Every structure is written in structure tokens, then in C-alpha cells.
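Participant: Before anything else, here's the structure in question.
Read-outs throughout are calculated quantities, based only on the coordinates presented, and are distinct from any laboratory measurement. If you're wondering where the values come from, they're calculated on a predicted model, not measured in any experiment. Cβ coordinates were reconstructed from backbone atoms using ideal geometry, including for glycine residues, and neighbour counts include every protein chain displayed.
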Amino acid sequence: MISPFPDRTLLLASLRDYVAQLREEGLDGLPRGAVIITGGEGAAPQPPPPRPPSVASDANSAAVRSREPAPPAPATRTAAAPIIATNGADAWRTKYPGLVQTGDLAALRNFIGDCQRCKLAQMRTNLVFGVGNPHAELMFVGEGPGAEEDAQGEPFVGRAGQLLTDIIERGMGLRRAEVYICNVVKCRPPENRNPEPDEVAACEPFLFRQIELVKPKVIVGLGTHAVHALLKIKTPISKLRGNWQQVLGVRMMPTFHPAYLLRNPGDKRLVWADIQEVMKELGRPLPGRGSRA
């Protein structure tokens with residue numbers, strides 16, 4: 001016999017998808033009049049109970065309806081506009097007095113000094129500032145240093161860094177020294193955990209100042225945490241990648257982090273598609289098959 005009630009697992013999955021869609025559209029809860037689930041497994045969804053009419057409202061209903069304005073026409077849904085990150089307006093500029101007076105990357109590095117501005121300082125071996133051409137057209141921004149980066153004081157030198165170098169040199173036909181590479185946070189989070197909000201807040205003014213000083217034509221945001229820090233949003237990277245965004249007036253292409261590609265090599269094709277768009281934006285030809293820088 002076929003049950004007249006919906007399968008509970010499918011029902012819950014559908015509701016989760018619905019709530020996720022609402023959140024992506026900027027809503028924090030269910031709309032009024034939403035279906036409410038009651039009862040145990042296999043129970044059918046129940047509508048909200050009707051409100052009992054009052055005597056006063058029945059007696060005056062016609063008069064009230066005559067004074068009510070006509071309901072507005074349903075709004076037409078339009079496509080979402082591209083995200084333009086304001087980075088909390090210019091709040092980061094005033095977090096550290098003197099920061100915006102740094103005139104080049106060397107001055108910015110001196111300004112940071114032996115940084116003790118967040119708890120990551122207590123666990124680092126080296127502060128990992130950035131590396132590459134200080135006037136690069138192309139800038140890569142990652143999440144934070146790993147163990148190899150912490151030991152050497154240079155970003156992207158471990159396994160993920162080797163893959164990034166292959167993307168730059170084999171895939172793009174550039175030299176690693178031609179681009180600029182840095183991270184959101186400059187010190188390694190313990191056990192390579194994700195940077196915490198207070199750590200990002202302490203370090204992001206330095207990242208934004210790096211962007212202003214390098215003045216790249218294009219930024220490539222590597223992975224969820226780097227892109228979220230740059231754009232100040234929580235949209236999944238799977239929905240952002242491949243779509244141009246803007247940070248401090250610079251075009252930014254979100255894509256997957258090389259460490260993610262080491263675990264999910266099947267998604268290299270998606271990153272390759274993103275890189276081709278970056279090369280078009282830079283006005284550079286793609287290298288021939290098998291060519292090296």
C-alpha cells in the first residue's frame with residue numbers, strides 16, 4: 001500500500017533546500033504562513049491554524065474592507081546585480097593610524113613589524129607577508145600560510161603552492177615572479193584551521209593596503225575564506241567561482257583553492273575555465289599545449 005504521506009527524509013531535504021535558498025536571497029526566516037511540520041515520522045505537513053473571527057471584526061468587516069487600499073501587484077523578480085565589495089566602506093583605513101601613509105610594499109612591511117595584533121602571533125615561526133612583482137598586473141590572494149609557508153616565510157610553497165606555480169607557469173605561460181601572491185592573514189593558524197573572524201579583522205587592513213599599493217589589473221581569489229574576506233559575504237564559493245566580482249575597484253575572479261584541487265582533481269577543469277577568463281581580461285594569449293615559461 002502506498003502511504004498518503006510524503007517520505008520524511010525527502011520532505012526534510014526539500015525544506016533544507018528551501019531555507020538555503022531563502023538565506024541566499026537575503027531572508028533570515030520563513031515567510032508568514034509557511035507550512036509547519038507537526039507529529040512524528042510520516043506525519044503530514046499541517047497548515048497554520050485559522051485565526052478565530054471576532055464579533056467586532058465581523059460587524060465592521062465591510063467598512064474596514066472599504067477603507068483598505070488595493071493590494072500591491074506582485075513584484076517582478078529580476079537577476080541579482082554583480083557584487084561590488086565595499087569592505088565596510090573605508091573602516092579598514094582608520095583601524096591602524098598611519099597605515100594609508102605607507103607608500104610602497106616595503107614601507108607597509110615595516111609598518112606591520114613584529115606584529116602582535118592577534119593571537120596568531122604567539123604561534124607563528126615567520127610572518128608571511130607576500131612575494132612577487134610589486135607592480136604586478138595579476139595578484140593571487142589565498143587564505144593563510146600553512147606549515148611550509150610558516151617555516152620559509154613565503155606564501156604558497158607547499159604542495160598547494162606547487163600546484164599554483166603550475167597554474168601560473170604552465171597554464172598561464174607566466175613566471176611566478178611576474179605576479180604577486182599573498183594571503184588574507186599573514187600568520188599560520190594552528191593545525192591549518194580556518195582563520196577566525198577576529199584574526200581576519202586584525203589582518204585584513206594590510207591585505208587591502210597591499211591591493212592598493214600593487215594596483216593589479218586582476219585579482220584571483222583562491223578559495224572560500226579568501227573570497228569571503230575580500231567580498232564580505234558568505235555565498236558558497238561553488239556559486240561565486242567563474243563570475244567576475246569587484247574589490248577596491250579591481251576585477252576579481254573567485255576560484256577554488258589549490259589545496260581543494262589536490263583533494264578534488266576533477267574540479268581542475270573548472271579552475272582552468274576561470275583562468276582562461278583571467279587571461280582574456282589581461283589581454284594575454286594562452287600558451288600552447290605543453291609550453292613552459
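Participant: Among Y180, Y260, which comes first, then next, by fewest other beta-carbon atoms within 10 Å?
Facilitator: Y260, Y180
Participant: How many angstrom lie between the C-alpha centres of region 232-288 and region 196-223?
Facilitator: Between the Cα centres of region 232-288 and region 196-223 lies a distance of 16 Å.
Participant: Between beta-carbons, use under 12 Å as the cut-off and find the net charge around K215, counting Lys and Arg +1, Asp and Glu -1.
Facilitator: So the environment of K215 carries a net charge of -1.
Participant: A further question on this structure: Compute the length gained on full extension between N243 and M123: take 0.36 nm times their separation in residues and subtract their Cα-Cα distance, giving the result in nm to one decimal.
Facilitator: 39.6 nm
Participant: Right, something else. Among the listed pairs K95/K232; K186/K280; K217/K268; K217/K280, which have their C-alpha atoms separated by more than 20 angstrom in this model?
Facilitator: Check vs 20 Å cut-off fails for K186/K280; K217/K268.
Participant: Using only the Cα atoms of region 152-243, build the gyration tensor, take square roots of its eigenvalues as a ≥ b ≥ c, and label the shape rounded, prolate or oblate: rounded if a/c is under 1.5, else prolate if a/b is larger than b/c, else oblate.
Facilitator: Taking the square roots of the gyration eigenvalues as a ≥ b ≥ c, region 152-243 is rounded.
Participant: Still on this structure, please answer the following. I want the local charge near G153. Using Cβ-Cβ distances under 11 Å, sum +1 for each Lys or Arg and -1 for each Asp or Glu among the other residues.
Facilitator: Summing Lys/Arg as +1 and Asp/Glu as -1 gives -1.
Participant: Pull up the DSSP beta bridges for region 85-282 and report the antiparallel fraction as a percent, rounded to 5.
Facilitator: 25 percent
Participant: What percent antiparallel are the DSSP beta bridges of region 207-293, to the nearest 5?
Facilitator: Approximately 40 percent, going by the DSSP bridge assignments.
Participant: Under the rule a/c < 1.5 gives rounded, and otherwise a/b versus b/c splits prolate from oblate, where does region 170-293 land using the Cα gyration tensor?
Facilitator: prolate
Participant: Right, another one. Using the Cα atoms of region 211-268 to build a convex hull, what is its mean projected area in square nanometres?
Facilitator: Mean projected area for region 211-268: 4.1 nm², to one decimal.
Participant: Same structure again: Take region 85-282, drop everything but the C-alpha atoms, weight them equally and run the Debye formula without solvent; then report log10 I(q)/I(0) at 0.12, 0.17 Å⁻¹ to two decimals.
Facilitator: With one equal scatterer per Cα and no solvent, log10 I(q)/I(0) is -0.53, -1.16.
Participant: Also: Let's see if you can work this out: charge +1 on each Lys and Arg Cβ, -1 on each Asp and Glu Cβ, no other charges. What is the dipole magnitude of region 85-282 about its Cα centre, in debye to the nearest 20?
Facilitator: Dipole size: approximately 300 debye.
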